[in-house]
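Worksheet: the structure to be examined is printed underneath.
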Amino acid sequence: VFDRIRDESGGLDVLVNNVYNSPAAARWLGKPFWQVPAKAWDETFDVGVRSHYAAAVLAAPPMIERRRGLIVAVSSPGAIRYMHNVVYGVGKAAVDRMTADMAHDLVGTGVAAVSIWPGIVNTELLQLVPRGTDGRRVVQLPGEGEFDLDDAETPRFAGRAVVALATDPDVTRLSGQAVTVAELARRYGFTDIDGRVPGS
């Protein structure tokens, strides 16, 4: 695929690594580590960490050749505070560490690596949550509280963050950092599709 992109378009400008095995991980939400089997670790790291690394390994050379490019990892504040379970947090910390270390290697190449942290995103999976008798779509995360999905971000909010980063001629100043999408919205002046800037 990466060879085809290079052959057909002459290069690669942006790679967004945004893969995570949410359906598999959902059954372990809020469970202490001794109740989460080792296969949950493998599912998380094979999909949510290894895939990010493999794609970046293939994307970096054509970017470096052109001396410009952006590698974005979609991560989470779970990298620095408890969210969902141990496996989730360690996986997100690994993604952010990988981004920071890739940025170190990319210094002087014109290519940036940045982690972004969306809030709760109203994905197709969360759109399956029905409205209650009060008309609200609410999800309860074990040990973390209740979240009103009408306040959630759309996937386009993170997409607009990527566009803002990719069109910033000085994006390398953020290379190696993890930044909330809400912070990027304030920095670059974009909103979600409804005109809001959801909180981080």
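The values are calculated or read from the model by the stated rules, or taken from the named source; none is laboratory data. Owing to the predicted nature of the structure, the values given are computational and were not obtained by experimental measurement. Virtual Cβ from ideal backbone geometry, glycine too; neighbours counted across all protein chains shown. What goes into the accessible areas is simple: the full protein's heavy atoms, side chains included, and nothing from ligands, DNA or RNA. Shrake-Rupley method; radii C 1.70, N 1.55, O 1.52, S 1.80 Å.
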Among the residues of segment 39-54, count how many are of a type outside the set (A, V, I, L, M, F, W, C) and under 15 Å from Ala26 (Cα atoms).
5
Are any of the residues in segment 85-95 of a type in the set (Lys, Arg) and open to solvent by less than 80 Å² (accessible area, probe 1.4 Å)?
yes
If I filter segment 107-128 down to residues being among the hydrophobic types (A, V, I, L, M, F, W, C) and open to solvent by less than 20 Å² (accessible area, probe 1.4 Å), which single residue comes out as nearest to the chain's Cα centre (by Cα)?
Ile116
For segment 44-68, how many residues meet the condition of being within 17 Å of the chain's Cα centre (by Cα) and among the acidic types (Asp, Glu)?
1
Among the residues of segment 1-58, which ones are among the aliphatic types (A, V, I, L, M), part of a helix (DSSP H, G or I) and touching a Gly at 6+ places or on another chain (Cβ under 7 Å)?
Val49
When you go through (1) open to solvent by 40 Å² or more (accessible area, probe 1.4 Å); (2) at pLDDT 95 or above; (3) in contact with a strand residue (DSSP E or B) (Cβ under 7 Å, 6 or more places away or on another chain) one by one for Leu29, which number turns out not to apply?
(2)
Of the conditions (1) open to solvent by less than 70 Å² (accessible area, probe 1.4 Å); (2) part of a helix (DSSP H, G or I), Arg156 fails just one. Which one is it?
(1)
Residue satisfying condition, being closer than 30 Å to Asp3 by Cα and in contact (Cβ under 8 Å) with a residue 40 or more places away in the chain, within set Val95, Val47
Val95
State the number of residues belonging to segment 15-26 that are open to solvent by less than 50 Å² (accessible area, probe 1.4 Å) and within 30 Å of Thr172 (Cβ to Cβ).
2
